[in-house]
Structures are given as C-alpha cells and as structure tokens.
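The values are calculated or read from the model by the stated rules, or taken from the named source; none is laboratory data. Remember, predicted model here, so these are calculated numbers, not experimental data. When we count neighbours, we look across all protein chains shown, and the Cβ atoms used for this are built from the backbone with ideal geometry, even at glycine.
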Amino acid sequence: MASDMASDTGSDTASGTKPPTTSARPVRPTGSLSAWEGMARQYDYWLTVLKRTWRGGVVSSFLTPLLYVVAMGVLLGGFIEGDPDRLEGASSYLAFVVPGLVASHAMTIAVSESTYPVMGSIKWHKTFFAQLATPLAVRDLVNAYVAFVMFRVASACAVFMLVIAPFGVFATWWGPILAWLSQVLVGFAFTTLVFSYSARLKSEEGFGLLFRLGVIPLTLFSGAFFPISNLGPVLEWVARLTPLWHGVSLSRMFCVDRIDWALAALNVTVLVTLTVVGWFLAVRNLDRRLEV
Amino acid sequence: MISARGLRKAFGDFEAVKGIDVEVRRGEAFGFLGPNGAGKSSTMRMIASVSPVSSGELRILGMDPATDGPAIRGRLGVCPQEDTLDNELNVFDNLYIYGRYFGIDRATCRERAQELLEFAQITDKAKAKVEDLSGGMKRRLTIARSLINNPDLLLLDEPTTGLDPQARHVLWDQLFRLKQAGVTLVITTHYMDEAEQLCDRLVVMDKGLIAAEGSPRQLIDAHSTREVAELRFGVGEHEALAEKIEDLGERIEVLPDRLLVYSDHGEDVVTAVLDRGLHPIATLVRRSTLEDVFLRLTGRSLAD
C-alpha cells in the first residue's frame with residue numbers, strides 16, 4: 001500500500017542516513033515534527049472541540065465575570081470611597097477592581113481548562129493515548145493543548161476588556177492592551193503549571209484540593225479586590241509571592257497608568273519563569289504518565 | 001519488519017517482558033498468543049514505539065524506536081486493546097481528525113475516511129456518535145482509523161476481545177482481506193481459535209517469556225497429539241480416575257472439570273475407557289488445538 005504522506009513523516013530519510021551506533025541519541029528523533037507542525041496537525045481536532053464547547057464557554061467566560069463587575073465593582077464598589085493613593089492610583093473602586101478581576105478571571109479559565117479535561121484525556125477518553133500512536137510526541141500534545149487554553153483565555157479577557165472600556169475605567173488607550181498581554185501571561189503560567197499537576201494526578205479528588213486551597217485563596221487575597229497593603233506586613237509579603245499577584249499588579253499598573261517599570265519587569269520575569277518551568281514539568285509528567 | 005533481540009520491559013521491580021527474540025517478516029500475519037499478563041501488550045507497546053525499551057535491541061521497519069519513534073509511528077497502524085475512539089466526535093470525524101495527525105492533507109483525509117467507512121461497513125453511521133455504535137462497529141471503526149495512513153505494519157492488540165461470535169467473524173474476514181492486500185499484521189490474542197484462524201506464525205508467551213514458536217500446525221504437531229479425548233466424570237473423581245487410565249494415551253491432563261487424554265486415536269481411548277467399566281458423564285473426541293499446546297507448555301490453560 002503506497003504511502004502518500006511518507007515525506008511528511010520523514011520516513012524516507014530514516015533508514016539510509018542513520019549512524020551505525022545508537023548510543024548517542026540525536027537531538028531530535030527522526031521524523032519528529034517542528035513545534036509548529038506538531039500543533040498545526042492538531043488544529044482540526046481543537047477546532048471541533050471549540051465548536052462543541054463554545055456555548056458553555058460564553059456563559060463562564062463572558063457572562064459570569066460581567067456579573068462580578070456589576071456586583072463587586074458597581075454595587076458594592078458604590079459604598080467604597082477611597083482616595084486614589086489608597087487604591088493604587090485608581091480613580092474609583094470600579095477602576096481598581098476591574099484589572100484585578102480580569103487577571104483572576106484569566107487564572108480561573110486557565111485552571112478549569114487544565115484540570116478535568118487533562119485528566120479526561122488521560123483517563124476517561126484516552127485521547128492522549130490515541131494521539132501518541134501517531135507521529136505526534138508528548139511535547140506536541142502539550143503545546144497544542146496549551147495553545148487551545150490560551151485561545152480561550154486571550155479571547156475571554158479581550159472581550160471582557162472591550163466591554164468594560166466604555167465605562168471609563170481605563171486611564172489610557174494603550175495601557176489596557178499591555179494589561180491584556182499581562183492577563184494572557186497569567187493564563188500561560190497557570191495553564192502549564194496546573195497541566196503538570198493534573199498530568200500526575202490519579203484521581204479527581206486532587207482537584208477539589210487545588211480549588212479550595214489554591215484558586216479560591218488566590219482569587220480573594222492576591223490584590224484583586226483590595227490593595228494587599230491592607231493585609232498587614234507579613235501577609236502582604238505572602239501575597240507578593242503568589243503568581244496571581246504578579247498578574248494583578250501588571251494588569252492594574254497598565255490600566256490605571258501608574259507604572260513602576262522595575263516592578264513590571266519583575267512581575268513579567270516571574271510569570272515567564274513560571275510558564276517555562278510549568279511547560280517542562282508538564283511535558284515530563286505527561287511523558288511519565290503515558291508510559292504504561 | 002520487526003526484529004527483537006533479548007527484548008525486556010520492566011516497570012520498577014516488575015519485569016513484564018523478560019528477554020524475547022522475535023522476527024516478523026513482510027506480508028505475514030504474526031501472533032502473540034498467551035494468557036492475560038503474559039507480557040503481550042507490553043511487547044506491543046514497545047513495537048508501537050510508545051513505550052521505551054528497558055533493554056535489548058528492537059528494530060521496527062529497520063529503525064530504532066528510541067531515536068526514530070515519530071518516523072516509525074508514521075508508518076504503523078495501531079489498534080489498541082481498549083478503544084481510544086473519541087466519543088465526543090462523530091464516526092467520520094474520528095477518521096478525518098486522526099488522519100490529520102499524520103500530516104495527510106484535508107482532501108485526501110476526507111477521501112480516505114470515506115473509503116474506510118465502506119471497508120468497515122459503517123458508511124451509514126458516518127454522522128452517528130461513537131457511543132451509539134455496537135461493540136463490533138466500534139472495533140471496526142478503530143481498525144479503520146488505524147488504516148488511515150496506509151500503514152506498512154498493522155498492530156492489533158486483542159482485536160476481538162469482548163465481541164460476540166458474529167462480530168468476530170466479520171472482523172476476521174476484514175483482517176483476511178487486509179492480509180491479502182499485503183499488510184503485515186501483528187496480533188495479540190488469548191483466543192486460540194483466533195490465532196489458528198489468522199496467524200501464519202506465532203509465538204506462545206507465558207510470564208514474559210516465549211515458550212514456543214512456529215505455525216499453528218507446527219506447534220500442534222510438535223507439542224500435542226493428533227486427537228484428544230475429553231472425559232467428564234463426577235466432581236472430585238478426576239484425580240483418582242486419571243491413574244486408572246493414564247496408560248491409554250501418550251499423556252493425560254487433569255482439569256477441575258474433565259480429563260484430557262492425548263492420543264492419535266481418540267475414539268479408541270473412549271472405547272478402552274468404557275471396556276474398563278468406567279462410565280464418564282460425557283465424552284468428546286476432538287483434534288488438538290493451540291489450547292492443548294499451551295497447556296502442555298505451561299501446565300495451565302489459557303483462561304487462567
């Protein structure tokens with residue numbers, strides 16, 4: 001049976017050019033795909049996933065956060081009259097809370113898309129096992145998965161920011177764009193880290209722990225709803241160590257246009273580092289998990 | 001197509017495959033026969049280049065899975081033991097999307113998917129959900145999916161486990177057609193009839209090792225007699241009665257529910273048993289099968 005995609009898989013170059021000894025492993029296995037090709041081949045799969053799930057996504061990605069804005073920002077925030085210095089430079093509580101809300105929203109989407117669905121692809125639907133029987137490698141699976149989650153995070157945050165723009169909460173036109181990129185960065189860090197956690201997890205009980213001891217405290221105490229200086233000196237430093245705070249800090253600085261570039265550089269460094277570490281852990285953990 | 005030397009697979013302290021030598025040639029149907037836990041599936045996953053070899057040498061299509069994994073997988077078709085079909089996708093999309101993973105362009109993918117639906121006799125189910133298919137249809141879809149890249153080598157892990165007899169025969173027929181089309185098949189099974197039906201050559205695996213190798217006919221000739229007389233007596237009597245008739249055959253096996261007397265002339269054994277004044281509840285004379293070979297080689301039946 002003639003193979004019409006032999007050149008795609010690199011099989012035609014495999015046997016002839018291989019060195020006689022196999023002790024030295026090549027940097028890239030024969031026929032392995034470029035990162036881009038590995039993701040492109042999964043495009044159709046993720047497109048069908050998106051077609052299937054976007055309706056539910058609209059509610060959780062767009063509607064829920066808007067309810068938060070109305071309840072926390074407008075109705076609760078109406079009682080709060082802080083001067084801009086106590087609100088980290090925001091002109092109103094709404095202007096203060098929105099950048100934090102969007103950043104923590106980025107985290108929530110990233111976490112929920114990287115918990116049960118990852119376990120499902122390993123344990124329930126075995127999607128990863130089916131995909132791994134093709135030229136795709138574990139690395140390609142992680143890349144495409146993260147890319148899909150990031151599409152969800154980026155689009156949800158963009159819509160959120162656009163909808164909120166007419167309410168006059170942004171100090172400049174360009175600040176919100178940088179804030180949006182910061183929110184995307186939050187998504188990256190949480191997606192890769194939580195993916196690596198989920199890839200190791202044998203039962204879904206671990207997710208309850210993650211939400212109760214991770215997501216909820218982070219949402220409440222990472223400076224999204226109130227300045228972390230209110231926490232007192234010790235807890236303030238604890239808050240500064242959490243990944244979400246770095247995202248909230250960036251998102252708010254850019255939205256209210258009171259930017260400390262040195263702090264911004266630190267925030268970005270932390271989030272990028274977490275993303276890179278998370279990615280390596282995700283690939284390693286999934287690789288170990290799928291070896292049965 | 002496949003060449004293994006001293007192949008081993010260990011999971012921590014547990015050694016699933018303990019050093020096997022296997023040679024599979026182009027165009028043949030090769031079987032791994034053995035009970036559950038014999039190391040068949042571990043061997044298959046190493047051949048499928050998804051499970052790293054612990055030690056020994058393995059070459060698939062002339063390549064080393066450790067360094068050429070993606071290139072090898074691009075030319076394999078894999079039908080795993082547990083269905084890994086995507087329940088969220090319809091039948092057609094299961095084929096189409098899988099083809100995309102191999103880098104097949106969209107138009108070719110659609111064409112191939114359509115052909116394979118016909119091959120699997122599920123064309124009318126193209127838009128159906130996977131979960132609405134019968135067990136036999138799911139298996140056929142899994143096999144169809146494994147053919148989307150026109151593989152040189154097709155790996156089938158327990159292809160008919162859990163299917164009813166009719167569905168098994170439909171599947172066997174399709175595997176025959178593939179074999180005639182020149183596809184090399186590697187099959188694991190714990191059904192001796194399946195191994196006899198499908199395999200040109202097979203190895204009997206037990207506890208991670210190869211116990212015997214050859215064609216089904218060769219194995220039966222080498223390790224069993226032409227016929228077997230099965231004698232069923234009352235519960236608990238078999239052990240004692242075995243001593244009284246063990247001279248009637250070349251060999252005798254005591255199973256919990258019956259005695260197996262191995263002889264080239266089964267009917268003569270039954271006559272002689274009756275002549276000795278013994279009255280089995282039921283008797284059956286049949287040809288030796290791979291089951292008997294397995295019993296001989298391991299002292300256990302395949303169902304254990």
Under the condition of being without any contact (Cβ under 8 Å) to a residue 60 or more places away in the chain and outside any helix (DSSP H, G or I), which residue from segment A:208-256 is nearest to residue A:110 (Cα to Cα)? A:242
Looking only at strands (runs of 3 or more DSSP E) that fall completely inside segment B:186-258, which ones have 2 or more residues that are at pLDDT 90 or above and outside the structural domain of residue B:154 (by TED's automatic domain parsing)? B:227-232
Quick one: in segment B:176-189, of everything that is surrounded by 20 or more Cβ atoms within 10 Å (Cβ to Cβ) and of a type outside the set (A, V, I, L, M), which residue is farthest from residue B:165 (Cα to Cα)? B:184
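Right, residue A:258: under 17 Å from residue A:95 (Cβ atoms), out of contact with any helix residue (DSSP H, G or I) (no Cβ under 6 Å at 6 or more places or on another chain) and surrounded by fewer than 18 Cβ atoms within 10 Å (Cβ to Cβ) or not? Spell out how you get there, then give the answer.
Values: under 17 Å from residue A:95 (Cβ atoms): yes; out of contact with any helix residue (DSSP H, G or I) (no Cβ under 6 Å at 6 or more places or on another chain): yes; surrounded by fewer than 18 Cβ atoms within 10 Å (Cβ to Cβ): yes.
Yes, satisfied.
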Scanning segment B:264-288 for residues that are buried (at least 18 other Cβ atoms within 10 Å of the Cβ) and assigned to a loop (DSSP other than H, G, I, E, B) gives B:280, B:288
Yes or no: residue A:111 β-branched (Val, Ile, Thr), away from chain B (no Cβ under 14 Å) and under 18 Å from residue A:54 (Cβ atoms)? no
Of all residues in segment B:125-174 being over 24 Å from residue B:202 (Cα atoms) and of a type in the set (Lys, Arg), the one that is surrounded by the fewest Cβ atoms within 10 Å (Cβ to Cβ): B:127
Anything in segment B:95-126 that is within 14 Å of chain A (Cβ to nearest Cβ) and hydrophobic (A, V, I, L, M, F, W, C)? List them, or say none. B:95, B:97, B:102, B:104, B:107, B:109, B:113, B:116, B:119
With respect to residue A:288, determine if the residue is out of contact with any Asp or Glu (no Cβ under 7 Å at 6 or more places or on another chain), exposed (fewer than 13 other Cβ atoms within 10 Å of the Cβ), of a type in the set (Lys, Arg) and within 14 Å of chain B (Cβ to nearest Cβ). yes
Just a yes or no: is a residue in segment B:159-177 assigned by TED's automatic domain parsing to the domain that holds residue B:98, touching a Cys at 6+ places or on another chain (Cβ under 8 Å) and not in a strand (DSSP E or B)? yes
